[in-house]
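Visitor: Have a look at the structure that comes next, please.
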Amino acid sequence: MQQLIQDLRFAIRGLVKRPGFALIAIVTLALGIGANSAIFSVVDSVLFRSLPLPDSQSLYAVHTGAVKFNNRFDGPFSYPEYQDVVAQTHSFQSIGSWVDGDANLSGATRPERVTVRVVLPSLLPTLGVQPVRGRNFAPEETTKGRDHVALITYGLWQRQFGGGDDAMGKSLRLDNVDYQIIGILPHDFQFEAPVDLWIPLTTTDPGLQVRNSHFLRVIGRLRPGATAASVAADLNAVAKYESDNFPDMFPPTAGFGFRARPYLEDIVGDVRLPLYVLFGAVGFVLLIACGNVANLLLAKAAPRQREIAIRTALGARGIHLLRQLLAESLVLAFVAGGLGILLAAWGTAALVALSPDSLPRAREIGFDWRVLAFTGAIAIATGIVFGLVPAIWSSRSNLVGALKEGSRGATAGHGRLRKALVVAEVALSLMLLVGAGLMLRSFSRLRDVNPGFRTDHALTLRISLPVPDGQISAADEDRFVNFFDRALARLRELPGVTAAGATNMIPLDGNGTDRLIDVEGYVPRDAADKPDAQNRQATPGWFAAMGIPLMRGRIIEPTDDGRSARVVVVNETFAKQFFPDGEAIGKRIRLGKLTNEFPWATIVGIVGDVRGFALDEPPLPTMYWPVAQIRATPALAIVVRTQGDPAALSSAVRGALAEIDSTQPIYDMQTLDQLVAKSLGQRRFTLTLMLLFGVIALVLSAVGIYGVMAFAVSQRTQEIGIRMALGASALDVLKLVLRNGMFLAVIGAVIGLAGAFAITRFMSSLLFGVSPTDVVTFGLVTAGLLLVALVACYLPARRATKVDPLIALRYE
């Protein structure tokens with residue numbers, strides 16, 4: 001121990017004597033360690049850490065789906081399907097279900113729009129959670145007349161009631177209906193997206209009994225001893241029951257079924273690969289930083305070869321020399337680790353701020369003991385990685401050569417190692433830059449996709465009118481139509497507004513719903529070919545406000561009201577799919593039967609395709625029904641098209657709508673440009689970090705090449721002087737140095753290209769419109785990296801041309 005302390009003291013004194021070297025090494029390492037720790041905090045919180053729920057490994061998300069629909073099994077349940085799963089499965093000890101919505105809250109401190117989770121009483125027990133105050137819903141509170149009870153979240157309790165004890169038993173007014181508070185959820189309870197309160201699902205509602213009305217999400221907790229295989233067997237049996245007993249809704253040839261997977265995997269599945277890619281990319285940055293610091297240590301060790309040789313000749317053992325040299329690298333690593341912790345804490349906060357809203361578990365990301373432990377481990381590992389090889393190399397110096405020729409004669413081995421490190425840095429940088437380049441080209445291609453509507457000069461907002469008890473009467477339908485007619489008319493009067501319209505679902509906001517339909521004259525190809533289309537409702541002015549082009553026929557007009565003949569507008573994909581050999585206009589369709597028979601409607605127009613869910617997903621068959629004919633539409637998204645900046649009109653829009661009804665909250669106000677940007681948030685987040693890591697890697701590699709060439713020039717000063725004395729020109733010397741440096745860069749580029757071809761294939765699912773082996777990207781990145789390498793080589797090469805032969809001949 002005494003010897004170790006002495007080695008550490010000696011290492012610290014040596015670093016203090018060389019502050020420039022120490023500062024560069026520490027900052028370089030701290031950058032790599034801090035970046036890795038920051039990314040680890042995200043990866044650990046999102047992917048590795050258990051969910052903040054009791055025994056969360058036993059929770060399984062359950063979905064519906066069909067082979068027919070691109071083999072996707074991520075859909076919601078209908079209530080009858082949920083009941084069948086509960087009754088016929090044996091692998092779950094409890095199963096919960098819910099659907100999220102929103103409502104107008106009044107009767108407390110101030111009115112506001114709140115998010116509501118409508119649940120079955122079994123959901124909280126399934127999650128293993130109990131209210132901190134009060135109680136859970138009782139089974140009988142799912143029946144009509146007894147369902148006006150609510151559980152509020154800790155945040156709403158603090159916000160509306162100041163955390164007072166008198167909140168229990170008070171009433172909240174949701175959509176003009178009073179709900180009594182019976183419980184308060186725990187402060188640290190996190191499940192799905194944050195909501196304000198929970199209310200029970202009214203299972204006696206007749207609309208809930210429709211078997212093909214899918215809206216419920218389902219989660220189950222495994223029984224002790226149950227396995228994923230037993231769950232799959234249970235669900236397959238239920239799916240067979242559905243197809244056998246309801247073949248019209250679930251034809252066997254459609255491949256309808258249920259799937260379950262661990263809940264953690266379910267919520268992080270879409271971001272797992274991007275986060276692993278980022279983790280791997282930042283690992284490359286750390287390896288390049290280690291290579292640079294190793295080169296610095298080798299450069300510093302070269303002049304010490306004579307000292308090491310003398311100590312060896314005097315009896316110093318190799319293990320003692322190795323320990324002393326390694327101690328210096330460990331001191332550097334620990335100091336860099338301390339600085340890296342500060343950078344990681346700042347970087348973690350920055351990553352949370354930059355992360356898109358779609359990043360799951362973002363609220364759980366933080367800097368804790370696990371990140372500290374990772375930082376400590378990585379600091380020790382990097383100290384060993386970048387210090388061990390140079391230390392071994394230095395401790396095995398040529399004793400006779402070092403004593404006879406001084407330090408210069410003993411540097412040939414170091415030169416080979418330093419060159420190998422530079423080759424490795426260039427290769428790693430190229431692989432990282434190719435990945436970033438592919439993502440950049442992919443993002444650019446995605447941004448160039450036509451969404452089917454104009455994103456500029458448009459403001460969106462949402463209004464949801466209250467529906468007491470969820471029961472829509474004829475008077476309510478009149479109220480809905482009248483309110484939105486008046487609201488849109490008032491908005492069109494605002495200065496600078498060119499169009500205004502409304503729809504039930506705006507594109508790219510993550511929502512959508514489809515319906516089975518009957519198409520007059522359409523002959524199904526097989527029993528599984530049930531006509532299905534996205535179901536939208538729109539007002540007159542909607543297509544103009546969105547900038548959706550009319551292709552043929554006409555769009556929805558003010559005369560398309562409840563007294564006129566039923567009409568519908570469809571998109572081009574709908575027309576091509578269901579009328580491939582003829583004209584769609586004039587044909588009739590109707591919504592598939594749910595609780596009653598819908599009337600036939602005539603197709604009067606065909607509009608352009610709109611990317612409804614994401615820019616990288618193809619348009620789906622879509623139908624647009626007049627709001628005034630559907631009528632039962634209390635919640636709409638309004639779009640206002642303006643001549644100038646739409647955001648500047650937000651206050652005027654709020655004021656105009658307050659004139660119609662000042663009690664209605666307005667929410668989700670944003671421009672269409674912002675909406676499109678949000679839809680690209682996950683890709684932009686990954687791309688931004690990949691580009692950042694790529695630039696850091698490029699800079700570190702350039703510094704590494706420059707360092708090696710500058711060191712080589714300093715070591716060959718006498719040789720260069722002799723060459724120039726014998727007649728070599730400055731150009732000859734320039735070519736010599738550039739040739740040696742670029743040879744290393746080219747070797748590294750070749751290795752990097754081979755590695756990139758192998759690695760980027762795993763990124764194919766993250767790319768859009770670009771091949772993982774895109775020749776243009778590989779070529780541009782390679783050319784750019786070699787150009788940077790050329791600049792890094794040119795600087796020491798230019799200095800070599802200025803060597804004075806007389807001074808060089810007297811060198812040493």
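Each value in this text was obtained by applying a stated rule to the coordinates, not by laboratory testing. Predicted, not measured: the structure shown is a model, and the values here were computed from it. Glycine gets a Cβ as well: all are built from the backbone with ideal geometry, and neighbour counts include every protein chain shown.
Visitor: For the range 679-776, divide the Cα radius of gyration by the Kirkwood radius and give the resulting Rg/Rh value with two decimals.
Guide: On the way: Rg = 20.2 Å, Rh = 17.0 Å.
With Rg and the Kirkwood Rh in hand, the quotient comes to 1.19.
Visitor: Sticking with this one: Between the helical axis of 79-88 and the dominant principal axis of the chain, each derived from Cα atoms, what acute angle in degrees is found, rounded to the nearest 10?
Guide: Compared with the principal axis, the helix lies near 70 degrees.
Visitor: While we're here: Given the pairs Lys530/Lys587; Lys240/Lys587; Lys240/Lys530; Lys17/Lys802, which are separated by over 25 angstrom at their Cα positions? Provide the component values of the computation, followed by the final result.
Guide: Values: Lys530/Lys587 18 Å; Lys240/Lys587 36 Å; Lys240/Lys530 18 Å; Lys17/Lys802 30 Å.
Check vs 25 Å cut-off fails for Lys240/Lys587; Lys17/Lys802.
Visitor: Here's something else I'd like to know. Please rank Thr773, Thr28, fewest neighbouring Cβ atoms within 10 Å first, as an exposure proxy. Write out the running numbers ahead of the final one.
Guide: On the way: Thr773 14, Thr28 24.
Result, fewest neighbours first: Thr773, Thr28.
Visitor: Any aspartates and glutamates with Cα under 18 Å of the Lys170 Cα? List them, leaving off those in the same chain fewer than 8 positions away.
Guide: Glu112, Glu141, Asp147, Asp178, Asp196
Visitor: Sticking with this structure for a sec: For the range 11-100, give the magnitude of the charge dipole about the Cα centre (Cβ charges: +1 Lys/Arg, -1 Asp/Glu; no others), in debye to the nearest 20.
Guide: Values: 6 positive and 6 negative charges, 191 e Å.
That gives a dipole near 920 debye.
Visitor: Which aspartates and glutamates have a Cα lying under 20 Å from the Cα of Lys735, excluding residues fewer than 8 positions away in the same chain?
Guide: Glu719, Asp804
Visitor: By a straight-distance test (C-alpha under 18 Å), which aspartates and glutamates pair with Lys678 as possible cross-link partners, with residues fewer than eight away in the same chain excluded?
Guide: Straight-line reach from Lys678, under 18 Å: Asp270, Asp357, Asp448, Asp456, Asp509, Asp616, Glu617, Asp668.
Visitor: Between Asp732 and Tyr276, what FRET efficiency follows from the Cβ-Cβ distance if R0 is 56 Å, with the result rounded to 0.05?
Guide: On the way: r = 49 Å, r/R0 = 0.88.
Approximately 0.70, to the nearest 0.05.
Visitor: Assign unit charges at the C-beta atoms only (+1 for Lys and Arg, -1 for Asp and Glu), then state the dipole size of the chain relative to its Cα centre in Debye, rounded to the nearest 20.
Guide: On the way: 78 positive and 69 negative charges, 920 e Å.
Computed about the Cα centre, the dipole is about 4420 debye.
Visitor: Going by how many other beta carbons lie within 10 Å of each one, how would you line up Phe367, Phe48, fewest first? Numbers along the way, then the final one.
Guide: Details: Phe367 19, Phe48 11.
Least to most surrounded, the residues fall as Phe48, Phe367.
Visitor: Apply the Kirkwood formula to the range 68-254: the hydrodynamic radius equals the inverse of the mean of 1/r over all pairs of different alpha-carbon atoms; give it in Å with one decimal. Before the final figure, lay out each step's value.
Guide: Values: mean 1/r = 0.0555 Å⁻¹.
Answer for the range 68-254: a Kirkwood hydrodynamic radius of 18.0 Å.
Visitor: Between Ser771 and Asp100, what is the label-point separation in nm under the 7 Å Cα-to-beta-carbon projection?
Guide: 4.0
Visitor: Can you put Lys530, Lys144, Lys170, Lys802 in order, fewest other beta carbons within 10 Å first?
Guide: Values: Lys530 19, Lys144 12, Lys170 16, Lys802 8.
Listed from fewest to most nearby Cβ atoms, that is Lys802, Lys144, Lys170, Lys530.
Visitor: Given the options Pro224, Pro76, Phe246, identify the residue whose Cα lies farthest towards the positive end of the charge dipole of the range 68-254 (+1 on Cβ of Lys, Arg; -1 on Cβ of Asp, Glu).
Guide: Pro224
Visitor: Along the charge dipole of the chain, Cβ charges K/R +1 and D/E -1, which of Val569, Ala436, Val713 sits furthest on the positive end?
Guide: Value: Val713.
Visitor: Would you mind checking the tilt of helix 730-759 against the longest principal axis of the Cα atoms of the chain, expressed as 0 to 90 degrees and rounded to 10?
Guide: Around 40 degrees separate the two axes.
Visitor: Follow-up. Which of Ala233, Leu156, Thr115 sits closest to the plus end of the dipole of the range 68-254, meaning its Cα is farthest towards the positive end, when Lys and Arg get +1 and Asp and Glu get -1 on the C-beta?
Guide: The Cα lying farthest towards the positive end belongs to Leu156.
Visitor: Tilt of helix 19-43 relative to the longest C-alpha principal axis of the chain, in degrees (0 to 90, nearest 10)?
Guide: 20
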